[in-house]
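Structure first, then comments.
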Amino acid sequence: MFTGLIREFATVKSFSGEKLTLKSNYKPKIGDSIAINGACLTVTEVAWGGFSVELSHESQKILATENLRGKVHMEPAMQMGDRFEGHVVQGHVDCVGEITRIDRSSKSYDYYIKVPEEFLPLLPPKGSVTIDGVSLTINECMKDGFRLTIIPHTLQTTLFGDYKVGRRVNVETDMFARYLAHMFGHQKTLSWEDVEKIQALY
């Protein structure tokens with residue numbers, strides 16, 4: 001589990017498709033889960049000044065792997081007792097979105113992101129979304145995507161300030177929205193037991 005708050009900008013040393021080697025100040029252990037640009041990956045090697053993670057074929061198909069160069073967002077998995085901020089992030093990327101427009105709004109910036117149509121029901125207004133591992137709030141939904149407002153603090157603590165129109169980004173929808181959509185999509189009526197399960201998610 002992750003929070004969507006970036007711990008560090010790691011630097012890609014090499015990427016072969018299945019193996020991603022990073023330069024980082026963080027020192028993980030082999031087998032640890034670490035989110036790289038929002039994707040939960042497993043540490044397979046640890047060396048002085050960095051580590052390597054493995055990408056499965058499924059990950060390679062889903063992720064915007066062209067961004068695995070230069071600096072990337074990195075967040076280690078939460079530990080028991082860690083302060084919980086952001087929102088519940090699994091590191092399971094649902095789809096790749098595309099930045100179609102960036103507008104300045106006072107000191108902040110509005111980012112418009114287009115996503116495949118089938119994921120729009122999982123992205124409600126004022127709901128949570130994770131973009132390249134960053135926990136954000138959806139400000140507006142449109143027929144082909146949504147709008148985010150990125151405040152100055154987020155621009156300083158993430159790589160969003162370097163993002164341009166046309167960039168593809170990893171998108172993880174809200175976990176609770178996925179669960180609800182699955183439950184409602186596989187049955188016509190809800191029992192009281194089902195209602196209690198939904199309430200327990202919150």
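The values are calculated or read from the model by the stated rules, or taken from the named source; none is laboratory data. Quick caveat: nothing in here was measured; it's all calculated off a predicted structure. Cβ sites come from the backbone with ideal geometry, for glycine too, and all protein chains shown count toward neighbours.
Considering each residue of region 24-42 in turn, at least one proves to be among the basic types (Lys, Arg), farther than 27 Å from Gly166 by Cα and part of a loop (DSSP other than H, G, I, E, B). Among all positions in region 88-101, there is no residue which is in a loop (DSSP other than H, G, I, E, B), touching a Ser or Thr at 6+ places or on another chain (Cβ under 6 Å) and at positive phi. Here Arg69 fulfils each of the conditions (1) in the same structural domain as Val171 (by TED's automatic domain parsing); (2) surrounded by fewer than 19 Cβ atoms within 10 Å (Cβ to Cβ); (3) closer than 23 Å to Arg7 by Cβ apart from (1). The residue that is surrounded by the most Cβ atoms within 10 Å (Cβ to Cβ), counting only those in region 89-107 that are over 20 Å from Phe2 (Cβ atoms) and modelled with pLDDT under 95, is Ser105.
Of all residue pairs spaced 6 or more apart or on separate chains, those with beta-carbon atoms under 6 Å, a first member in region 10-27 that is aromatic (Phe, Trp, Tyr) and a second member that is not in a strand (DSSP E or B) are Phe15/Leu68.
Cβ-Cβ distances below 6 Å connect the following pairs, each with a first residue in region 118-140 that is assigned by TED's automatic domain parsing to the domain that holds Phe176 and assigned to a strand (DSSP E or B), a second residue that is modelled with pLDDT of 95 or more and polar (S, T, N, Q), and a separation of six or more residues or different chains: Val134/Thr158; Asn139/Thr149. Where residues in region 131-167 are in contact with a His (Cβ under 8 Å, 6 or more places away or on another chain) and of a type in the set (Val, Ile, Thr), which of them is farthest from Ala64 (Cα to Cα)? Ranking the candidates gives Thr158 first. Take region 141-155 and flag every residue that is part of a loop (DSSP other than H, G, I, E, B) and of a type in the set (D, E, K, R). Within region 141-155, Lys143, Asp144 qualify. Against the test of being crowded, with 16+ Cβ neighbours inside 10 Å, under 21 Å from Leu159 (Cα atoms), more than 16 Å from the chain's Cα centre (by Cα) and not assigned by TED's automatic domain parsing to the domain that holds Asn170, the options Phe51, Phe2 yield a single qualifying residue, Phe51. When the residues of region 102-117 are filtered to those that are assigned to a strand (DSSP E or B) and among the aliphatic types (A, V, I, L, M), which remaining residue is farthest from Gln156 (Cα to Cα)? By that ranking, first place goes to Ile113. Just one of the listed residues (Leu136, Leu123) is at pLDDT 90 or above and within 23 Å of Pro76 (Cα to Cα), namely Leu136.
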